[in-house]
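Enquirer: Structure provided below as C-alpha cells; questions to follow.
The values are calculated or read from the model by the stated rules, or taken from the named source; none is laboratory data. Note that this is a predicted model, so its numbers are computed, not measured. Here the Cβ is made from the backbone with ideal geometry for all residues, glycine too, and neighbour counts use every protein chain on show.
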Amino acid sequence: MKKTKIAVLGPVYPYKGGISHYTGLLIRALRKKYEVLCFSYSLQYPKLLFKKEQRDYANRAFEIEDSRFAVNTANPLSWARAAAAIRKEEPALLIVQWWHPYFAPCYQGLLRHLKTIPVFFTCHNVLPHERFPLDRFLTKNTLKYAAGCIVHSSEDEENLKKLLPAMPHRKNPHPSYNAFRLKGMSRGEARKQLGIGEEEKLLLFFGLVRKYKGLDHLIAAAPRLVAADPAIRIAVVGDFGDKKDEYAKQIRESGAEERFLIRDGYVPDAEVEPYFAAADLCVCPYLSATQSGIVQIAFGFGLPVIATNVGGLPEAVTDGKTGFIVPPADPDALAAAILRFFEEDLAEEFRQNVDAEAERFSWDRMVETIGELYESSCDHSGL
C-alpha cells in the first residue's frame with residue numbers, strides 16, 4: 001500500500017540548535033509511517049540579524065536524507081519557488097515549524113500559494129521569549145493560515161487560544177532528545193574526559209545563556225550549596241554571548257569560583273554527550289519558559305531535572321519523581337531542592353522514574369497526535 005505523503009518545513013542539519021534537532025527527529029519518526037518530504041532553508045537568518053555561524057557540519061547524526069534547502073527567508077522570490085515545489089509533490093499535509101515572528105513574512109508569502117494543502121504549525125513558542133510590539137500581530141496573521149496547531153505546554157495553548165480561539169489544536173509533551181547519546185558513554189568515561197572526580201556531585205546548566213534562563217540565581221545559590229556540600233560542582237556549558245564578563249564577575253564574587261566549570265561558546269552536537277553523561281542533575285532555573293529542549297535532552301540521558309514553576313516546565317518535570325519544581329528567582333529554594341536531592345540519595349529512584357515516563361515523551365506519541373489532529377480538523381478519515 002502506498003504511504004500517505006507529508007511535507008515538513010523547518011531547519012534541519014547542518015543548521016544548529018534545538019529546533020533543527022527537533023525537525024530532524026520528527027521527520028524520522030514520521031517516516032516510520034508516512035512518505036515524508038523535507039523542505040528547509042537555503043538561508044535561515046541574514047547575517048545582519050544573526051552574525052554567528054548558523055551551521056554545524058561536525059555531527060551528521062541528525063542529517064536528513066533528501067532535504068531540499070529551498071527557502072530563503074529574506075527573498076520573496078524563493079517563497080514562490082518553494083511553494084511551487086511543495087505544491088508539485090501534492091502532500092496530504094504540510095507541517096511547519098514556528099518559534100519566532102521573524103518568519104512571519106516568509107511563511108505568509110509561501111502559504112498564500114498553498115491554499116489547497118492543509119497546514120499544521122508545530123509551535124515551539126507561540127509568542128517569543130523576548131517580546132516586542134508587533135509579535136502578537138505577526139503571529140496571529142501567520143498562524144491563521146493553519147488547519148491546526150500542535151503546542152507543547154499549557155502556556156502556549158492559552159496563548160494560541162487568545163490569538164485564535166477557534167484554531168483546532170492538540171497539546172503534546174515536547175518529545176525527548178535521545179539522539180545525543182552517540183557513544184553510549186558511561187558516567188565514569190564522561191567524567192574522566194571532563195576532569196571531574198568520581199566523588200564530585202555535578203550540576204549541569206546547559207544551553208545559550210540568556211537573562212530569562214536565570215543563571216544568575218543558580219550562581220547566587222552556589223555559596224549555600226558549597227558550604228553545605230563541598231563536593232558539589234557546577235558546570236555552566238553554553239554561549240554567554242556578550243554577557244560573559246557580567247556572569248564571570250558574579251561567579252568571582254560568590255566565593256565559590258573554584259567549584260564552577262565553565263565551557264563558553266556553542267557546543268557542537270558531537271560534544272554534548274559527555275556533559276549530560278557526567279552530570280548528576282540538570283538545573284533549569286528559568287524565569288520564563290513555554291517548554292525547554294534542555295529538559296528533554298536531560299531526560300534522553302535519564303538525567304533528573306530541577307526546574308522552576310514557569311511555563312511548561314512543571315508539565316515536563318514531575319515534582320518529586322523526575323526532579324523538583326521550585327519557585328523562580330529564589331536561590332534559597334533552588335539550593336534547598338538541590339541539597340535535598342543529594343541528602344536523600346534520590347538519583348537512582350529519579351532516574352528510574354525518568355525511564356518510566358519515556359513513553360509520555362516519545363516521538364511515536366507525537367506522530368499519533370498529528371494523525372489525530374489531522375482526522376479531527378481537516379475533514380478527512382485520517383492520514
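Enquirer: Tell me, which helices (runs of 4 or more DSSP H) lie completely within segment 142-238 with 3 or more residues that are over 21 Å from the mean Cα position of the chain (by Cα), among the small types (Gly, Ala, Ser) and farther than 18 Å from ASN309 by Cα?
Expert: Numbers: elements: 154-163, 187-194, 215-228.
Filter on segment 142-238 gives 215-228.
Enquirer: Further, regarding this structure: Name the one entry in ALA74, ALA70, ALA83 that is closer than 18 Å to ALA146 by Cα and surrounded by 14 or more Cβ atoms within 10 Å (Cβ to Cβ).
Expert: Every option except ALA83 fails the conditions.
Enquirer: Six or more apart or on different chains, Cβ under 6 Å: which pairs go from a residue in segment 132-145 that's within 14 Å of PRO105 (Cβ to Cβ) to one that's modelled with pLDDT under 95 and assigned to a helix (DSSP H, G or I)? Could you list them?
Expert: none
Enquirer: Out of segment 115-126, which residues are of a type in the set (A, V, I, L, M, F, W, C) and either at pLDDT below 95 or part of a helix (DSSP H, G or I) (or both)?
Expert: Answer for segment 115-126, where residues must be of a type in the set (A, V, I, L, M, F, W, C) and either at pLDDT below 95 or part of a helix (DSSP H, G or I) (or both): there is none.
Enquirer: Could you check, for segment 271-280, whether at least one of its residues is of a type in the set (Ser, Thr, Tyr) and over 23 Å from GLU348 (Cβ atoms)?
Expert: The answer is no, given that none of the residues of segment 271-280 is of a type in the set (Ser, Thr, Tyr) and over 23 Å from GLU348 (Cβ atoms).
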